[in-house]
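A.B. asks: Okay, handing you the structure first.
The values are calculated or read from the model by the stated rules, or taken from the named source; none is laboratory data. Owing to the predicted nature of the structure, the values given are computational and were not obtained by experimental measurement. Neighbour counts run over all protein chains shown; Cβ positions are idealised from the backbone, glycine included.
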Amino acid sequence: MFQHFDSLFEMMDAIPDEQAAIDHFRAIRWKNGAYCPHCGSVKVYHFKDNRTHKCGDCRKRFSIKVGTIFEDTKIPLRKWMMAIWLITSHKKGVASTQLAKDIKVTQKTAWFMLHRLRHAARTTSFNRPLTGTIEADEAFVGGKGRNMKAKDRRAGKAYNNKTVVMGMIERGGELRAKIVPDTTGPVLQQQIALNVKPGSAVYTDDWRPYRALRGIWKHDYVKHSTGEYRKGDTHTNSIESVWALLKRQIIGIHHWVSPKHLDRYISEMTWRFNRRDFFEGQRLNALLAQTEGRLTYKALIA
């Protein structure tokens, strides 16, 4: 049976060795019963070492790590659990350089470990549309405009090399955020349609492409271009605070993130934000419960 923890010290005290870590992970992954990661069979035999198993149908041997982000790792599962605790309990995540020091691995290993955890935290689909009151906005992630040449800023090129991220937050509920190709009407409206239930109230800024939302959604906006940031209940302060959190994570913790991997960092931040009401140990167990699927180093850097 898996355990709950309130602090990192309590977790390390309750899981004093590698076998205890394996037992904890196995209790989470196989909470509904053991199964073969190769063929899905539930006819599984357990060896006396308490670490190795064999499928009664396909006859393959495997450990509890096979078929997860931990497959083929040489890092003890106990260290992985420490890394999970740090990335899920720190509001802005943890840098690979700091993780390397904390759990005594190389920076390259820590970087790969964190990306595997971000792979586990990815969201591939949503179970329900956002409802009620929704705030939608876009953010531009990349270099600072003030670092550009003055003539380029005057020519409107400050956003040319930035990555566009669109986000929607249900007040008191979930956050959805992802990279989008641009801020044109069809792109923004498609994201709203995919994520927000028709008839919901959608609040945005005064970017013109959002005007087409009226009719399907109850749309209202604040005029940021004239300095208006609140109009009664209409505002985008919640989603703006999300962008502030994302940018503090990038600038303050990682210092720089490549556009290639930015979506992974967004997934990490979104996963953590949507579990902001969880206790620390609950977040650790929640991430351990969704570690299915491998991510190889070759695939990561491809």
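A.B. asks: So, in the range 179-196, exactly how many residues are out of contact with any Asp or Glu (no Cβ under 8 Å at 6 or more places or on another chain) and among the hydrophobic types (A, V, I, L, M, F, W, C)?
C.D. replies: The number of residues fulfilling the criteria is 5.
A.B. asks: Taking the criterion of being assigned to a helix (DSSP H, G or I), farther than 30 Å from GLY93 by Cα and without any contact (Cβ under 8 Å) to a residue 12 or more places away in the chain, would at least one residue in the range 229-245 satisfy it?
C.D. replies: no
A.B. asks: Next up: Residue check: is VAL165 within 22 Å of the chain's Cα centre (by Cα) and within 30 Å of ARG283 (Cα to Cα)?
C.D. replies: yes
A.B. asks: Continuing with the same structure: Answer yes or no as to whether GLY199 is farther than 19 Å from ARG230 by Cα, more than 26 Å from the chain's Cα centre (by Cα), among the small types (Gly, Ala, Ser) and surrounded by fewer than 20 Cβ atoms within 10 Å (Cβ to Cβ).
C.D. replies: yes
A.B. asks: Now, a different point. Going residue by residue through the range 42-57, is there one that turns out to be surrounded by fewer than 19 Cβ atoms within 10 Å (Cβ to Cβ), among the acidic types (Asp, Glu) and either touching a His at 6+ places or on another chain (Cβ under 7 Å) or under 23 Å from HIS261 (Cα atoms) (or both)?
C.D. replies: Within the range 42-57 (the criterion being surrounded by fewer than 19 Cβ atoms within 10 Å (Cβ to Cβ), among the acidic types (Asp, Glu) and either touching a His at 6+ places or on another chain (Cβ under 7 Å) or under 23 Å from HIS261 (Cα atoms) (or both)), the answer is no, since none of the residues qualifies.
A.B. asks: Scan the range 204-263 for residues that are farther than 30 Å from ARG118 by Cβ and of a type in the set (Gly, Ala, Ser) and report the count.
C.D. replies: Going through the range 204-263 one residue at a time, the tally reaches 5.
A.B. asks: Also, quick follow-up: Does SER267 count as in contact (Cβ under 8 Å) with a residue 24 or more places away in the chain and touching a strand residue (DSSP E or B) at 6+ places or on another chain (Cβ under 8 Å)? If you could, list the steps in order and put the result at the bottom.
C.D. replies: Working: in contact (Cβ under 8 Å) with a residue 24 or more places away in the chain: yes; touching a strand residue (DSSP E or B) at 6+ places or on another chain (Cβ under 8 Å): no.
In short, no.
A.B. asks: Considering only the range 138-157, I want to know if a residue exists there that is polar (S, T, N, Q), more than 29 Å from TYR203 (Cβ to Cβ) and modelled with pLDDT under 95.
C.D. replies: yes
A.B. asks: State yes or no: is ALA34 surrounded by fewer than 20 Cβ atoms within 10 Å (Cβ to Cβ), among the aliphatic types (A, V, I, L, M) and either touching a residue at least 60 places away in the same chain (Cβ under 8 Å) or out of contact with any His (no Cβ under 9 Å at 6 or more places or on another chain) (or both)?
C.D. replies: Answer is no for this residue.
A.B. asks: Between GLU228, GLU268, GLU240, which is acidic (Asp, Glu), within 24 Å of GLU71 (Cα to Cα) and at pLDDT 95 or above?
C.D. replies: After applying the criteria, what remains is GLU268.
A.B. asks: What number goes with the only condition from (1) modelled with pLDDT of 95 or more; (2) surrounded by 13 or more Cβ atoms within 10 Å (Cβ to Cβ) that ALA212 does not pass?
C.D. replies: (1)
A.B. asks: When you look at ILE266, is it outside any loop (DSSP other than H, G, I, E, B) and either of a type in the set (Phe, Trp, Tyr) or within 20 Å of GLY172 (Cα to Cα) (or both), yes or no?
C.D. replies: Against the criterion (outside any loop (DSSP other than H, G, I, E, B) and either of a type in the set (Phe, Trp, Tyr) or within 20 Å of GLY172 (Cα to Cα) (or both)), ILE266 qualifies.
A.B. asks: Within the range 67-80, work out how many residues are touching a strand residue (DSSP E or B) at 6+ places or on another chain (Cβ under 9 Å) and β-branched (Val, Ile, Thr).
C.D. replies: Residues in the range 67-80 being touching a strand residue (DSSP E or B) at 6+ places or on another chain (Cβ under 9 Å) and β-branched (Val, Ile, Thr): 2 in total.
A.B. asks: So for the range 69-84 (the condition being of a type in the set (Val, Ile, Thr) and surrounded by 19 or more Cβ atoms within 10 Å (Cβ to Cβ)), does at least one residue qualify? Show your work before the answer.
C.D. replies: Within the range 69-84, the first condition is being of a type in the set (Val, Ile, Thr), and the residues that meet it are 69, 73, 75, 84.
Then keep just the ones that are surrounded by 19 or more Cβ atoms within 10 Å (Cβ to Cβ); that gives 69, 84.
Yes.
A.B. asks: Out of contact with any Phe, Trp or Tyr (no Cβ under 9 Å at 6 or more places or on another chain), of a type in the set (D, E, K, R) and within 30 Å of ALA244 (Cβ to Cβ) - does that describe any residue in the range 81-96?
C.D. replies: yes
A.B. asks: Scan the range 269-282 residue by residue and report those that are part of a helix (DSSP H, G or I) and either within 12 Å of the chain's Cα centre (by Cα) or closer than 14 Å to VAL165 by Cα (or both).
C.D. replies: MET269, THR270, TRP271, ARG272, PHE273
A.B. asks: Looking only at residues in the range 202-227 that are part of a strand (DSSP E or B) and touching a Leu at 6+ places or on another chain (Cβ under 8 Å), which one is nearest to ASP182 (Cα to Cα)? Walk me through it before giving the result.
C.D. replies: Applying the first criterion (part of a strand (DSSP E or B)) to the range 202-227 yields 202-205, 214, 217-222.
Retained after the next criterion (residues that are touching a Leu at 6+ places or on another chain (Cβ under 8 Å)): 202, 204, 219.
Values: VAL202: 20, THR204: 16, HIS219: 21 Å.
The residue in question is THR204.
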